[in-house]
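Engineer: One structure, as structure tokens, below. Some questions next.
The values are calculated or read from the model by the stated rules, or taken from the named source; none is laboratory data. Just so we're clear, the structure is a prediction, and the values are computed from it rather than from any experiment. Counting neighbours? That spans all protein chains shown, and the Cβs are built from the backbone with ideal geometry, glycine included. The area values use the complete protein model at the heavy-atom level, side chains included, leaving out ligands, DNA and RNA. Shrake-Rupley method; radii C 1.70, N 1.55, O 1.52, S 1.80 Å.
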Amino acid sequence: MSRLVRIGIDVGGTNTDAALLRGATVLATVKTSTTADVTGGVANAVSAVLVAAKLDASAVSALMIGTTHFLNAVIEGRQLEKVGTLRLCGRATRSLPPMIDWPEHLRLLVDGGAALVGGGVQFDGSPIVPLDVAAIRDACRDWSARGIGAVAIASVFALIDARMENEAAEIVASEMPGVSISLSHRIGRNGLLARESATILNASLHALGRETVAAFRDAFARLGLFCPLYLTQNDGTLMGADFAERHPVFTIASGPTNSMRGAAFLTGLTDAAVIDVGGTTTDIGMLVAGFPRSRSEGAEIGGIPTNFRVPDVYSFGLGGGSLVQAFPLSVGPKSVGFRLPEKALCFGGDTLTATDIAVAAGLVTLGDPARLRHLDARLVRDAIAKMKADVEGVLDRMKPSSDPIPAVLVGGGSVLIDGHLEGTSVSLRPDHFGSANAIGAAIAQVSGEVDRVVSLEGTTREKALEQVVQAARARAVEAGAEAGSITLAELEETPLSYLPGNAIRVAAKVVGDLAA
């Protein structure tokens, strides 16, 4: 790892964490409250970690941010832009319209009208029908008249040959100057409807992406930080801020991924369970070869089926801010969130939280323990046991087998879990466990990923695989990787016997170090 000075930031629902590293050495970590405007809390965390490390802002080489900002926007249905959807297809593909499987409330917010026009390619790259330029121009005029500011373009088998999508994008850009355009071959994997939905979702977040990145840059400039800015992706790798503005959907699942990568870095373990207990939720996932295990099926975001890969993580409502009820006993899923410092009993508030239970049990020292003397000892004991049992139950479902495996506890709320976890060979809580998410962001590499179907007719298997790997390398360089450091991380090859032409599906992923 290079000796670059990097600040990693992770924005959670309750806390914003920051970690400052020089190479592989953690110089300082801090935890501050998340603010309603997000950027205020980020600026506070960065300022605090610079003070803690006794470093000037000019010494920082790069900033890395992991944020749930875009995921929260989808789940809450806010700040989403109306999107015009352009599908390039033949006659048979028009029976299922775009957004047919979206939740109704999100479809009404985002649907700016769809145009299903002639175009698309077969699995071997041959055109289904010629691109219908006139129909595209007509759709653009309609969208312009209705003030649509974002367009999603999806073509049948675009991952085989993206030229029609690119040509359609040029037409849209000429007809609608300044419009935001999302192309499906840059967003999703094979499978038209899910890839199209991911593209529409990305387009709906374009305006928020520009606004958020601009706000981050402005906040950092006020702190004297003018170094490159990166956002972490769903797979635990980085993308440049400019790239993130155009692809905000890639950040949707970055929070749990950062924690898992940070856990691997802090412990040296490459295969283990990671239990990340935050202020609002607990996320449990598996490390495989140092990276989070991915879900075999596509991600469902806010009820919308998509097909880009995300970590296989189970999340449930247990965290430091979880509300505790005595009769019947319950901990979570409701939480006081970032209001913990004002709501919890130990801080002078009026709400019994999981943090209060941990303080009363002597697991952590926070606030004023004297404020908790009235708590029934049995309630404290039973609540501690319940939180541990809830974690053990989920962990048992997530493990690849019944054999004991190492478990790493990270996140500020991990102090809620007392003792050895059932089903683990060892339960570790490493140094800097409370800021593992921010450390994971700081150490992240840059990746490039391509998934496409190729025909082996007229070529060799080796050449076909190399073409896909080279395309993935090009995407990694575009996202900010140093070309000479790029290595192949994953290469999947699946024969498609149901297609003619000796077709195979190839998925390649490469990773590389951040370019200086």
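Engineer: Is it the case that A198 is touching a residue at least 24 places away in the same chain (Cβ under 8 Å), touching a Phe, Trp or Tyr at 6+ places or on another chain (Cβ under 6 Å) and open to solvent by less than 40 Å² (accessible area, probe 1.4 Å)?
Structural biologist: So A198 passes the test.
Engineer: If I filter region 131-140 for residues that are in contact with a helix residue (DSSP H, G or I) (Cβ under 9 Å, 6 or more places away or on another chain), among the small types (G, A, S) and open to solvent by less than 20 Å² (accessible area, probe 1.4 Å), do I get at least one hit?
Structural biologist: yes
Engineer: Which members of region 405-431 meet the condition of being touching a helix residue (DSSP H, G or I) at 6+ places or on another chain (Cβ under 6 Å), at pLDDT below 90 and part of a loop (DSSP other than H, G, I, E, B)?
Structural biologist: Within region 405-431, just D418 meets the criteria.
Engineer: So D235 clears everything in (1) at pLDDT below 85; (2) open to solvent by less than 30 Å² (accessible area, probe 1.4 Å); (3) not in a helix (DSSP H, G or I) except one condition, right? Which one?
Structural biologist: All conditions pass for D235, except number (2).
Engineer: Quick check on this structure: which one of A135, A139 is in contact (Cβ under 8 Å) with a residue 40 or more places away in the chain, part of a helix (DSSP H, G or I) and either under 35 Å from the mean Cα position of the chain (by Cα) or over 28 Å from L496 (Cβ atoms) (or both)?
Structural biologist: One residue alone meets the criteria, A139.
Engineer: Next question, about the same structure. Considering (1) assigned to a loop (DSSP other than H, G, I, E, B); (2) touching a strand residue (DSSP E or B) at 6+ places or on another chain (Cβ under 7 Å), say which one F308 fails and leave the rest.
Structural biologist: Of the numbered conditions (1) assigned to a loop (DSSP other than H, G, I, E, B); (2) touching a strand residue (DSSP E or B) at 6+ places or on another chain (Cβ under 7 Å), the odd one out for F308 is (2).
Engineer: Next question, about the same structure. Suppose we filter G367, G332 for residues that are without any contact (Cβ under 8 Å) to a residue 40 or more places away in the chain, part of a strand (DSSP E or B) and crowded, with 17+ Cβ neighbours inside 10 Å; which single one remains?
Structural biologist: G332
Engineer: A follow-up question, please. Counting residues that are open to solvent by 70 Å² or more (accessible area, probe 1.4 Å), which strands (runs of 3 or more DSSP E) fully inside region 443-516 reach at least 3?
Structural biologist: 487-495
Engineer: Shifting gears a bit: Select from region 82-113 the residues that are outside any helix (DSSP H, G or I), open to solvent by less than 30 Å² (accessible area, probe 1.4 Å) and among the aliphatic types (A, V, I, L, M) and write down the one among them that is nearest to M164 (Cα to Cα).
Structural biologist: L88
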